[in-house]
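Here the structure is laid out as structure tokens; the discussion comes afterwards.
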Amino acid sequence: MELLGEPKIMAPAPAHHNIETSASLRVRNRFSGSPRPGVVMLRVQSRAATRGVLQWGAISLPCALGRGGIRAAKREGDGGTPRGRWRLRLVFYRADRGRRPHTMLPVKSLAPHDGWCDAAADRNYNRPVRHPYPASAEAMWRSDGLYDIVVVLDYNERPRVRGKGSAIFIHVARPGFLPTEGCVALRARDLRKLLALMGREAHLIVP
């Protein structure tokens, strides 16, 4: 097996064929070891749904999902939003376009050279990189505003699996909540609202 750097990139596990026609998305959050109440729920019409509603207590937030719906066996380029439990790890934002998000999560400002590698064979697959980069890498500095606020999830990080998918974020939605390439997307004001509720141990659960 070829190793592409640490942590290891492994061969993908066998596909999981369990199909759901509805799903729930839960965010769990702890401060000082004590559970903080609150569940964000996502309801979809079918496994191919590309829109949903997140609910945190009495707060309901419309969102966009991947063009491939919710997928248990996520693959690079399939447009699916991956099923599982994902930690909200880091927040990026454009300091030239808005104030720093109010959150307990780590926050870092973006720069024009920031990118994210989506080349499955590259040793930095599903890692942040600096442009210009010799392999395929998404630009994090965008003109369309989608990455004015970006929450990095720990999907396919430890271990990284070749071709299992990269750059799964929570970010700003397109007008009309058009489908994403696999991320969850909210209106900018709603994303700021959600981040204000999140602690350092927040997790996103897509069952």
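Bear in mind that the values in this text are calculations on the coordinates, not laboratory data. Predicted, not measured: the structure shown is a model, and the values here were computed from it. With ideal geometry, Cβ positions are generated from the backbone for all residues, glycine too; neighbour counts draw on all protein chains shown.
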If you check residue 64 against the conditions, is it crowded, with 18+ Cβ neighbours inside 10 Å, touching a Phe, Trp or Tyr at 6+ places or on another chain (Cβ under 9 Å), closer than 18 Å to residue 182 by Cβ and of a type in the set (Gly, Ala, Ser)?
yes
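Residues checked against (1) more than 23 Å from residue 105 (Cα to Cα); (2) of a type outside the set (A, V, I, L, M); (3) in a helix (DSSP H, G or I):
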| site | (1), (2), (3) |
| --- | --- |
| 125 | yes, yes, no |
| 158 | no, yes, no |
| 164 | yes, yes, no |
| 193 | no, yes, yes |
Could you list all residues from region 72-91 that are in contact with a His (Cβ under 7 Å, 6 or more places away or on another chain) and assigned to a loop (DSSP other than H, G, I, E, B)?
72, 73
Residue hits (region 92-123; assigned to a strand (DSSP E or B), hydroxyl-bearing (Ser, Thr, Tyr) and surrounded by 13 or more Cβ atoms within 10 Å (Cβ to Cβ)) are 93
Contact list please: Cβ distance under 6 Å, first residue in region 80-91 and free of Cβ contacts under 8 Å to residues at least 24 places away in the same chain and surrounded by fewer than 16 Cβ atoms within 10 Å (Cβ to Cβ), second residue among the β-branched types (Val, Ile, Thr) and outside any strand (DSSP E or B), pairs at least six apart or on different chains.
none
Could you tell me whether region 131-144 includes any residue that is surrounded by fewer than 20 Cβ atoms within 10 Å (Cβ to Cβ) and under 16 Å from residue 191 (Cβ atoms)?
yes
